[in-house]
Amino acid sequence: MIDTLLSSIGHVFTLTHLLFMMVGIFVGLLVGIIPGLGGIAGMALLLPFLYGLDPGYALGMLMGMVAVIPTGDTFASVLMGIPGSSASQATVLDGFPLAKKGQAARALTSAFLSSLCGGVIGAIILTGFILVARPLVLAFSSAELFVLTLLGLTMVAVLSGKNLFKGTAACGLGLLVGAIGAAPATGEYRMNLDIDYLYDGVPLIVLGLGIFALPEIVELLLGRGSIAKDGNTDLGKGWSAGIKDVVKNKWLVARCAGIGSLIDTIPGLAGSVVDWITYGFAVKSAKDPSQFGKGDIRGVIAPESANNACACGAMVPTLLFGVPGSGTAAVFLGGLLLLGLEPGVSMITTNLDMTYTIIWSLALANILGAGLCLMLARPVAQLTRVPFAILAPAITVLILFAAYQASRSLGDWAALGMIGMIGVLFKSAGWSRPAFLIGFVLAPGAENYFYQSMQFHGAEAFLRPGVLIILGLILLAFFLPVIRKAIMRRRQTHEVVESAPSPEEDVLESRGFGGVDFLLLLMMGAAALWALYDVRNLMPLGKAFPTLAAFITLLSVIAVVFNGWRRGMIRVQQPAFKAVGVVLGFFGLIGISALLGFVSTAVLFCLGFQLTIARKSPLFAGLFALGVAVFLLGMQAAMNLYYPTGLLDDVVLPMVPFL
């Protein structure tokens, strides 16, 4: 085995292999930086070039791309508050606030170094784990997978701030939205309002953009400043500070990389779940968690360490069982078949050299990709100094572009606007947007595994040893913060007293109540009651999960009201009219795009915005609009993308050469 391992490492460092790997790395960085494309689109882009290639070189190219996408997507998450992919949503929580403080270079440097370490640690773990993984992975039934998704839901308790019931209500609403579409057990359609778009449910990328990106853009647009607000934009210091942060939190990096690589060996648990689990782990293991969500560097390091390690872990079920551990791995599986490699036991026997080539290509690509990103971090971080009135139209177009690639339907934009409205209200009232997202992400998996558990094992599913162990971890996850808080109160250390929020802030966060709170409670209560009414005639297996989600939402809403009445609500102002007005304007932009066509509307929107709102010169505005047009049409030609056409696009685009 040692000879095979050394031979594979030697092959990885050959010049030809490195050249193919660099091609994959560059494509992966491009795909990662542009929000919405993700690994599946990038992998599909490379597949046609695999025909006739030596399997070792082709695998180098594929692995180069797979490894760096979770690294490249950090740019959008940190600098724009846009989740670059489903695996970088937790990074937004602290990465974007750091960028607002003028510490974008620090956040990016920490993220890239963490990604590098996570990828290498994941490869080392996988090298040994691949030989013993088969019996371990087979030991996980649907019952264990179901309780593992519940473990992800415990993160709601961590991310709910001072008001747990608001967090569970947000999570319940996320579960309800995640249950829209066909019931996995019976195939019956639920809560789709007879709208064709909702028959397949709401795409994750649309929901992520709506709940995080749109509210941030609205806030920064209303503020009329740059992303870095306080003027502390010394990017040079941020560079070194990021390196020091990773060194200081080296054990957090190692533990999150280990969690990421091992959990993602289980098919069906995508990187987005691991992202939240490791983020929650970082919060719970911190002595002072008060700054998480406000710009704590540990909130960047933990998920970034895990999501690169995930790419290694996802290879275990893909290579051993032919069961892809993620969407990207599914396309990778197709690439293996194109190269004549059959997943299965042969990958750890006769083709063990290929398996180690894949693993160490991943490790090397992580190092090279992170190095490239580190070189780009400082110049790209300068974007945070650009006035947002200039960046806003470009980012708005980018969000529309990314959302439309989810299902290439106008429904993507309508759903984006609706979720964006919810995100704006959540942000105005201080409700937990991550809790909503976690509920949505975990809903399909939880429902699927619950049904399978009941069908295969019945009630005994929850008495299996693995299930009991994971349930024990869940209980520990709930009670550990309480125990820790009690210990900290007893010790009353000087540091804790200093870092704790002031009594006034604490009271307002836990007891403050405003008009937006009232509106959200009304909306959630109505949504839960309507869901119960909608599923009333379905078969028991078809309505069980949405009924449970509806009751979670309703009971949480009642608990919020009762808790406020018991403790005494304090009336607070929650101004949201301007932000809601901007989102309504966004709907107008969607309508015009549907009428005139996306490309023409995007160009006219950017031109008009620069001339009238940013008050730039006609030359600047013209060049800006031209750049947007070149980007959109270039992506369309290079990646065979589609945009909604309309009255103006039908006239103008046929006159553009090379289209």
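The values are calculated or read from the model by the stated rules, or taken from the named source; none is laboratory data. Remember, predicted model here, so these are calculated numbers, not experimental data. All Cβ positions, even for glycine, are placed from backbone atoms using ideal geometry, and neighbour counts span all protein chains on display. Accessible surface is based on the protein model in full, side chains and every heavy atom, while ligands, DNA and RNA are left aside. Shrake-Rupley method; radii C 1.70, N 1.55, O 1.52, S 1.80 Å.
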Answer yes or no as to whether S160 is modelled with pLDDT under 65, open to solvent by less than 20 Å² (accessible area, probe 1.4 Å) and farther than 22 Å from E304 by Cβ. yes
Of the criteria (1) surrounded by fewer than 23 Cβ atoms within 10 Å (Cβ to Cβ); (2) at pLDDT 80 or above; (3) of a type in the set (A, V, I, L, M), which one A169 fails: (1)
Would you be able to tell me the number of residues in region 588-600 that are under 15 Å from G417 (Cβ atoms), open to solvent by 10 Å² or more (accessible area, probe 1.4 Å) and touching a helix residue (DSSP H, G or I) at 6+ places or on another chain (Cβ under 7 Å)? 4
Only listed residue being within 29 Å of A169 (Cβ to Cβ), open to solvent by 30 Å² or more (accessible area, probe 1.4 Å) and at pLDDT 80 or above, chosen from F436, F478, F450: F450
Given the criteria open to solvent by 30 Å² or more (accessible area, probe 1.4 Å) and out of contact with any Gly (no Cβ under 9 Å at 6 or more places or on another chain), does A414 qualify? yes
What about L584, is it within 22 Å of V656 (Cβ to Cβ), of a type outside the set (V, I, T), assigned to a helix (DSSP H, G or I) and free of Cβ contacts under 8 Å to residues at least 40 places away in the same chain? no
Residue list for region 33-69, filter: at pLDDT below 70 and not aliphatic (A, V, I, L, M): P35, G36, G38, G39, G42, P48, F49, Y51, G52
For the subset of region 523-542 comprising residues that are open to solvent by 60 Å² or more (accessible area, probe 1.4 Å) and in contact with a helix residue (DSSP H, G or I) (Cβ under 9 Å, 6 or more places away or on another chain), which member is nearest to G423 (Cα to Cα)? M523
Out of curiosity, is F631 touching a residue at least 40 places away in the same chain (Cβ under 8 Å) and either surrounded by 13 or more Cβ atoms within 10 Å (Cβ to Cβ) or in contact with a strand residue (DSSP E or B) (Cβ under 7 Å, 6 or more places away or on another chain) (or both)? no
Considering each of G466, G420 in turn, give the residue that is surrounded by fewer than 18 Cβ atoms within 10 Å (Cβ to Cβ), modelled with pLDDT of 65 or more and either under 26 Å from the mean Cα position of the chain (by Cα) or within 28 Å of G178 (Cα to Cα) (or both). G466
Positions within region 3-31 being touching a Phe, Trp or Tyr at 6+ places or on another chain (Cβ under 6 Å), closer than 10 Å to W360 by Cβ and open to solvent by 10 Å² or more (accessible area, probe 1.4 Å), in sequence order: L5, I9
